[in-house]
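To start, the structure under review is shown below, and the notes come after it.
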Amino acid sequence: MKKNQAKEIYTLADLQGWRDVDPPIRLGVLGDPVAHSLSPRMQNAALKHCKIDMQYLRFRILPNELADALKLIRQLRFVGINLTIPHKIDAVEIVDDLDEDAKRIAALNVIKIDDGKLRGFNTDGRGFSRAIREEFSVDLRDLRVMILGAGGAARAIALQCAKENCERLVIANGTFEKGEKLADKLRDFFSGPKVLGPVPRLQAIRWEENAFRFQIANVDLVVNATPVGLNRADPSPIPARLLAPHLMIYDTVYAEKHTSFVSAALEAGARGANGLSMLLHQGALAFEIWFEREAPLEVMRKALL
Ligand code: NAP
């Protein structure tokens, strides 16, 4: 007998009255918005390639639904899930334990359901590092980096930059105190002897044009880790007129091939890349956590083209 077809997007109500499909849904991404997510395309290609008989779907889950959704996902014996905006931070209080990175920055993007427990991991940082190497042929340790945002993705990226001993790290966030708190958490990493002249190695700045103008002269890589760009009509998070040709711009948003930020970078004569490469690498690392086997990276990459 043919079972029902998988839906494009599932909700909490679907989890509550669960009707499975064939192959069974055992993985997914929880977020809001989530319709733009390309994770299903990439993960389903990997599952098929590895002959794992299950599917990965999108779940639109609102912030106040997260705890209930995770409880059901545990009961329904999912293998694992990804968390995206806005759940990476709130999930910390709900899972049973966290890996070292997720604990340090209080943000996670991967859950593995293991022996009935929700185990939290963070693969965004390592995924970001691999993406930067691939896109720009440089290592974070050689870069002065400015991150826009201090939410779940920004925290993982900032920790990775710190762990790889980047030359400088600047955190710009709308809510300044959040950026400052993140910088404080990472201060231990920046006490070393790299000497850069008058600018501090680690700094939180206000979301202001003058502050951006000054910092752009003193950084190499600017990373957008805010949701600005998820909507087609969004402007560049930093005005195009402030960008300069020496910069590398990495937009974690991948909704458009050329987000406004990437377009602004290219217009300014800078190099720019969107977040597809980070999506690929964080996803491959997640697959490896769920299945304890190597991810078929090239199959996943091809699925995103
Ligand atoms: P989050 O935890 O909700 O954090 C959002 C951050 O963006 C906060 O720092 C917030 O500042 C800031 N922000 C929100 N709206 C803004 C605006 N209009 N202008 C300036 N700043 C704004 O979200 P997240 O999970 O970190 O996700 C952030 C983005 O990263 C999303 O677009 C997501 O798609 C992307 N991402 C991509 C990948 C990938 O693999 N490519 C991986 C992870 C995340 P306040 O603190 O002031 O509110």
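Where a number appears in this text, it was derived from the coordinates with a stated rule and is not lab data. These numbers were taken from a predicted model, which means no experiment stands behind them. Counting neighbours? That spans all protein chains shown, and the Cβs are built from the backbone with ideal geometry, glycine included.
A few notes on this one:
- Our Cα-only numbers for region 150-195 put the radius of gyration and Dmax at 10.3, 30 Å.
- The residue 62 and residue 7 beta-carbon pair, evaluated with R₀ = 30 Å, returns a calculated FRET efficiency of approximately 0.95.
- Sites counted here are GluC sites (Glu not before Pro) in a DSSP loop (not H, G, I, E or B) having no more than 10 other Cβ atoms within 10 Å; the longest part of the chain that contains none of them is 9-291.
- Over the C-alpha atoms of region 25-98, the Rg to Rh ratio, Rh being the Kirkwood estimate, stands at 0.97.
- For the pair residue 240 and residue 211, the difference between a 0.36 nm per residue extended length and the Cα-Cα distance amounts to 9.0 nm.
- Where no second cysteine Cβ lies under 4.7 Å, the cysteines concerned in the chain: 50
- The label point for residue 100 and the one for residue 117, both projected 7 Å from the Cα toward the Cβ, are 1.8 nm apart.
- Ranked by how many other Cβ atoms sit within 10 Å of their own Cβ, fewest first, the residues 88, 7 fall in the order 7, 88.
- Summarising the amide proton neighbourhood of residue 147: residues at separation of 5 or more, or on other chains, whose placed amide H is nearer than 5 Å comprise 170, 171, 172, 223.
- Couplings for region 223-236, taken from phi via the Karplus curve 6.51 cos²θ - 1.76 cosθ + 1.60 with θ = phi - 60°, read 10, 8, 10, 10, x, 5, x, 5, 9, 3, 7, 4, x, 5 Hz in order; Gly and Pro are left as x.
- Taking the number of Cβ atoms within 10 Å of each Cβ as an exposure proxy, the fewest-first ranking of 252, 11, 259 is 11, 259, 252.
- Region 12-106, relative contact order in percent, only Cα pairs under 8 angstrom and at least six apart counted: 37
- For region 1-157, the direction-averaged projected area of the alpha-carbon convex hull comes to 10.6 nm².
- For region 29-46, the Karplus equation 6.51 cos²θ - 1.76 cosθ + 1.60, evaluated at θ = phi - 60°, returns couplings of 10, 9, x, 7, x, 9, 4, 7, 5, 9, 4, x, 4, 6, 6, 5, 5, 5 Hz by residue, with Gly and Pro reported as x.
- Taking trypsin sites (Lys or Arg not before Pro) across region 220-305, the ones in a DSSP loop with at most 12 further Cβ atoms lying within 10 angstrom of their Cβ are 232, 257, 293.
- Residue-averaged [θ]222 nm for the chain, counting only DSSP H segments that reach four residues, each worth -39500 (n - 2.57): -10000 deg cm²/dmol
- Sequence-distant contacts, meaning Cα pairs under 8 Å at least 6 residues apart, place the relative contact order of the chain at 15 percent.
- Beta-bridge orientation, the chain: approximately 20 percent antiparallel, per DSSP, counting only bridges with both partners inside.
- Note that region 105-118 has calculated 3J(HN,Hα) couplings of 9, 6, 7, 9, 10, 9, 10, 10, 8, 10, 6, x, 10, 8 Hz, one per residue in order, obtained from phi through the Karplus relation 6.51 cos²θ - 1.76 cosθ + 1.60 (θ = phi - 60°); glycine and proline are x.
- When the alpha carbon gyration tensor of the chain is reduced to an equivalent ellipsoid, its three semi-axes come out at 34, 20, 17 angstrom, largest first.
- Modelled FRET efficiency - R0 30 Å, residue 233 with residue 32, Cβ distances, 0.05 increments: 0.95
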